[in-house]
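First up is the structure itself, then whatever we jot down about it.
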Amino acid sequence: MNDIQSQIVSRGEEILKRMESQSKASIFSKDFWYGSIMEWSMKNEKFKTNMFRFVDVLPSINSGDEVARHLKEYFSEDGGTLPPVFNVGLGLGSLAPGLMAGAIKKNVMGMAKMFITGESPDEALPVLKKARKNKMTFTVDILGEATLSEKEAQDYSNKYMELISWLAKDAEKWDEVPQIDRDHEGALPKVNVSVKMTALYSQIKDAAWDESKKILKDRLRPVFRLGMEKGVFVNLDMEQYSVKHLTLEVFTELINEPEFKNYKFFGIVIQAYLRDSFEDVKSLTEFAQKRGTPFWVRLVKGAYWDYETIEAEQRGWPVPVYTNKAESDANYELCAKYLLENIKSIRPAFASHNVRTLAACMLYAEKLNIPKEALEFQMLYGMAEPIKKTIVDMGYRMREYAPVGELIPGMAYLVRRLLENTSNESWLRGKFADNKSMAELLKDPAQGLTPTSPVIPKKPGKFYNEPLLDFAVKADREKMQKALADAKASLPVNVNIVINNKELQSGKVFDRVNPSQSDQIVGKIQMATTEQAEQAMQAAQTAYKTWKNVPCEQRAALVDKLADIMTRDRFKLIATQVLEVGKPWAEADGDIGEAIDFCRYYARHMRELQKPLRVGGLPGELSHYIYKSRGVTAVIAPWNFPLAILAGMVTAAAVAGNTVVMKPAEQSTVVAWGLMKMIQEAGFPQGVINFLPGYGEEVGEYIVNHKYTTTIAFTGSKAVGLHIMNRAAVVQPGQQHVKRCIIEMGGKNAVIIDNDADLDEAVDGVIYSAFGFSGQKCSAASRVIVLDEVYDRFVDRLVETAKSIEIHPAENPKAYMGPVVDKEAYDRILGTIAEAEKNHKLLFKGSVPGGGFFAPPTIFGDVPGDAKLAQAEIFGPVVAVIRAKNLDQALEIANSTEYALTGGMFSRSPANIARVKEELEVGNLYVNRGITGAMVDRHPFGGFKMSGVGSKTGGPDYLKQYMEPACVTENTLRRGFAPAEE
């Protein structure tokens, strides 16, 4: 051990010994109910999960009976009794859950109050003053619900301004405590406030980076100005990684403005568990040197580890945090050392409960001859009391991070603290609960460290979805803007018919306009005639004779190559959708990602299906179950997922050995033309896939009726889907097979909001499910069934959130919603709204821009479950909110339509969730998340009743629909002898 390391260990030992003289009580003390809960949580992972979920839901439950019901649902063990830990400190013995409910709720609320200084600044003030008497100062953080609307953002802004003014006024009467109110250069502000950037603006969009940044600076400027005027320290908190880069840019640009440039009591947070945090520390130091006036960096470990790792894995992105705690600890010391070396330019505050970390910071400072008064340590209110008192006794400045806020939003904060305290790698747990040795607790984290990779290794045999773009990455935003400029420069696109890989024209031209800008022609489409439809059918029939014999591996390789071309041309493909069908950036990107996934998933699955499956297994007989192609497939696609659905149906048919005649929707033919060009580039032989743009009632009808058509894959309306099935049942002269229909139709999808739902999640999920892509998804939420107890609160937040969403032309990166697809849709949707206004309570109708087909987001309230508005598919941004007295009625309403496509529920009741899983009639059920955005393999998609026939896209049965199963049986017994079984 080198000299500095041995000194750090010695200092750590000194701190630990001093702590021994403090009170032995800690948050892990088994004398307290909380300590017992912690002990159980550390021993039993299932109990821990259920406990934290119970804590999360508890403040939103109003009656004792409901508390008792949730207790039973989360914790009842054999015979319905609760774990004995719930009796600790209650003096109740083993009473029934109903009698325990009030006491347990009181204890959980008490647990929250251990970490929250008060529900209001008034309540918190005596706590803060008491801490000052003990030579501990504070930074106040306002806890609250997620900011979903601009009204909520304004409320937060008002709270911050009131807090700064109120605390500053009260602080005028406070006596100075030199240890906490002065540093080596003089007086420090007595009042220190932490601000969350995302609380001040509800419509942050990575794609609209500069615009979001401008608005955030406009919102923060009055807060920073008031802080400066009142002599208050203002910190900008760091939140989840997705807003880290934006937070740093907003902070550095704002404090570099002339008005703020000379004020040194601004601060920013750096999270040392982030892999790029050391680079951020260096960048901030360089910025501080140029600014000339120091500012502060609060160095923390980071509080969102579980979220960040799960989010990255779900999205297929690199993991932004270190996945080994020792790496975070080692990086913290590296960052701390760098900040201390540059203390003249940038002032550090070290936030940690880890004695090894604290000792290292002290020693690094001493080696640099930095006075003790220059150092500041920070810890969370309610935690690590013996460490805090020791640091104070050693003469250092100690600041508590002191949350203020109501208990419902406070529970999310409490759960983070509980996770932190019960983590296997928590230093506090190691010291106070696991009784680790001094050597273990003070070990150099860099010793014997093996660095981890941000890239999650892929497991063999597992399908991985194509990651979506991250528009927080500047290069991706720039590529998108360039792709849009290039696409607009090439308008209008001339689209031809393609049969046998030869381009043809018909002379019938359809002008496809940009729905965001109806005077701009996006494509000039050659609309095929029935004669050309016949040519396409003949070409497909001829090509089938050879294509069906092409080895599966070769067919799959062509489909994989098509996916590679899509990946290469991703930005161009997104731009085409933005202009032709009015999809906002992220929606269009999702469609491209899904198209790539369909290609790769079906190619992969076909390789598996082509292997003969041994059936039976008796000696002397060899039986194999195999799949064979069917023939010519007619693909008739919709415009709302113009590449994904079309590519999925086409590649599924082709990889299975069928040939294809594809007829895209008129509104998305330019996108389909792009697909055809990529198919040709991939190298599919002529006649295997033929491109037939045209009108559905002409060429669509023709290919449905044709004698060569063996399979019809259709996605669209119920009326057309049923018509196709009707026509497919008619046997044409010369037809030698029964036509198979794979038909996806509409939905009238409902989301149920339970009494105990997390309204932050529920409102956000419903808004996106209802208004994403202007409600033009068969999976969109058009009914929201809300239980009576929570109806008013939910509706108030839903309406305010809807008022806040941005409606713009789709190419504008700010657009949450763009236009609807064409004038016909626009007129139909506006007619539906006008009719509904006569019969139902209008809660909200948005204002929209002109120049395109912009339909307003619209919400109706107290709609009867059997009303036309609650029964008929609208396919636009119109939502019916329906009141239900209980879950029985909610399910009855939800199941009352003719459709069964998607549905959802927001609830924190395990029993209610289990019931909805069983009883809600939908093909895709989503619990505690939005009901759109199905992903290949993860959420195979499709419904029943009047929502369609056939199996689910992107699932294990889908490809089989394009093939015929056959069983081949061979007698292997010859002259009484059979070969040995394999």
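Charging the Cβ of each Asp and Glu at -1 and of each Lys and Arg at +1, and nothing else, the dipole of the chain about its Cα centre rounds to 1240 debye.
Modelled spin-label separation between T450 and V550, with each label point placed 7 Å from Cα along the Cα-to-Cβ direction: 4.6 nm.
Close amide H contacts of L188 (hydrogens built in the peptide plane, cut-off under 5 Å, sequence separation of 5 or more or a different chain): R182, D183. If you plug the beta carbon distance of S165 and K282 into 1/(1 + (r/R0)^6) with R0 = 30 Å, you get a FRET efficiency near 0.25.
Here segment 750-946 is described by how far its Cα atoms reach on the three principal axes: 50, 39, 31 Å, from widest to narrowest. Under a crude label model (7 Å from the Cα following the beta-carbon direction), how far is T972 from K46 in nanometres? Between T972 and K46, the simple spin-label model gives 4.5 nm.
Which residue, A112, Q378, Q447, has the largest displacement toward the positive end of the dipole of the chain when charges sit on each Cβ (Lys, Arg +1; Asp, Glu -1)? Checking the options against the dipole of the chain, the answer is Q447. When each of the peptides 537-550, 646-659, 351-364, 676-689 is scored by the mean number of other C-beta atoms lying within 10 Å of its residues, the order from highest to lowest reads 646-659, 351-364, 676-689, 537-550. From the coordinates of this entry, semi-axes √(5λ) of the Cα gyration tensor in Å is computed, and it appears in (i) 116, 78, 27; (ii) 74, 37, 23; (iii) 57, 32, 30 under the label (iii). Across segment 311-328, the residues whose backbone nitrogen lies under 20 Å from the label position 7 Å along the beta-carbon direction of E249 are 318, 320.
Using a probe of 1.4 angstrom and keeping all protein chains present, the accessible surface of the chain works out to 39 square angstrom per residue.
Cross-linked pairs K46/K113; K524/K960; K113/K814; K748/K885; K524/K572: Cα-Cα separations exceed 28 Å for K524/K960; K113/K814. Counted over segment 750-946, the DSSP beta bridges are approximately 20% antiparallel.
Taking the Kirkwood radius as Rh and the Cα radius of gyration as Rg, segment 605-719 has a ratio of Rg/Rh equal to 1.09.
Identify the residues of segment 802-824 with backbone N under 17 Å of a label point that sits 7 angstrom from the Cα of D519 along the Cα-to-Cβ direction, or state none. Taking a point 7 Å out along Cα→Cβ of D519, the residues of segment 802-824 whose backbone N falls under 17 Å are 809.
Between Q505 and I626, residue separation times 0.36 nm minus the direct Cα-Cα distance comes to 39.4 nm.
Taking Cα centre as origin and charging only the Cβ of basic (Lys, Arg, +1) and acidic (Asp, Glu, -1) residues, the dipole magnitude of segment 619-728 rounds to 140 debye. Multiplying the residue separation of Q680 and D155 by 0.36 nm and removing their Cα-Cα distance gives an extension gain of 183.4 nm. Describe numerically, in nm with one decimal, the distance between label points set 7 Å from Cα along Cα→Cβ at A872 and at A557. Calculated label separation equals 5.4 nm.
When you restrict to C-alpha pairs under 8 Å that are six or more residues apart and normalise by the size of segment 218-304, the relative contact order lands at 31 percent. Rg over Rh for segment 850-905 works out to 1.04, using Cα positions for both radii and the Kirkwood form for Rh. Helical content of the chain, expressed as a calculated mean residue ellipticity at 222 nm, amounts to -14000 deg cm²/dmol (DSSP H runs of 4 or more residues, -39,500 (n - 2.57) each, divided by residue number, nearest 500). Rg and Dmax of segment 517-568, based on Cα coordinates, read 17.2, 49 Å. Summing Cβ point charges (Lys, Arg +1; Asp, Glu -1) relative to the Cα centre of segment 750-946 gives a dipole of roughly 280 debye. With K and R counted +1 and D and E -1, the other residues having a Cβ less than 12 Å from that of L339 yield a net charge of +1.
When each of the peptides 446-453, 328-335, 585-592 is scored by the mean number of other C-beta atoms lying within 10 Å of its residues, the order from highest to lowest reads 585-592, 328-335, 446-453. Within the straight-line cut-off of under 23 Å between alpha carbons, the lysines reachable from K459 are K561, K611, sequence neighbours fewer than 8 places apart in one chain being disregarded. Our Cα-only numbers for segment 696-793 put the radius of gyration and Dmax at 20.3, 64 Å.
Take the Cβ atoms of R607 and N2, set R0 to 51 Å, and the FRET efficiency comes out at 0.35.
Here the calculated FRET efficiency for L368 and K488, from their Cβ-Cβ distance with R0 = 60 Å, stands at 0.60, rounded to the nearest 0.05. For G631, the residues 5 or more places off, or on other chains, whose built amide H falls under 5 Å of its own are T659.
Charges on Cβ only, +1 for Lys and Arg, -1 for Asp and Glu, centred on the Cα centroid of the chain; of A729, T953, M527, which one is farthest towards the dipole's positive end? Ranked along the dipole, the leading option is T953. In the chain, the DSSP beta bridges split such that about 30 percent are antiparallel, to the nearest 5. Computed over protein heavy atoms with a 1.4 Å probe, the carbon and sulfur contribution to the accessible area of segment 296-370 reaches 53%.
Seen from Y899, the other residues with C-beta closer than 13 Å to its C-beta sum to a net charge of 0, counting Lys and Arg as +1 and Asp and Glu as -1. Each of L299, V234, T252 was scored by the projection of its Cα onto the charge dipole of segment 218-312, and the greatest displacement toward the positive side belongs to V234; charges sit on the C-beta of Lys, Arg, Asp and Glu.
The values are calculated or read from the model by the stated rules, or taken from the named source; none is laboratory data. This is a predicted model, so every value here is computed, not measured. Heads up, the Cβs are rebuilt from the backbone with ideal geometry, glycines too, and the neighbour counts pull from every protein chain shown. Only protein heavy atoms, including side chains, enter the accessible area calculation; ligands, DNA and RNA are left aside. Shrake-Rupley method; radii C 1.70, N 1.55, O 1.52, S 1.80 Å.
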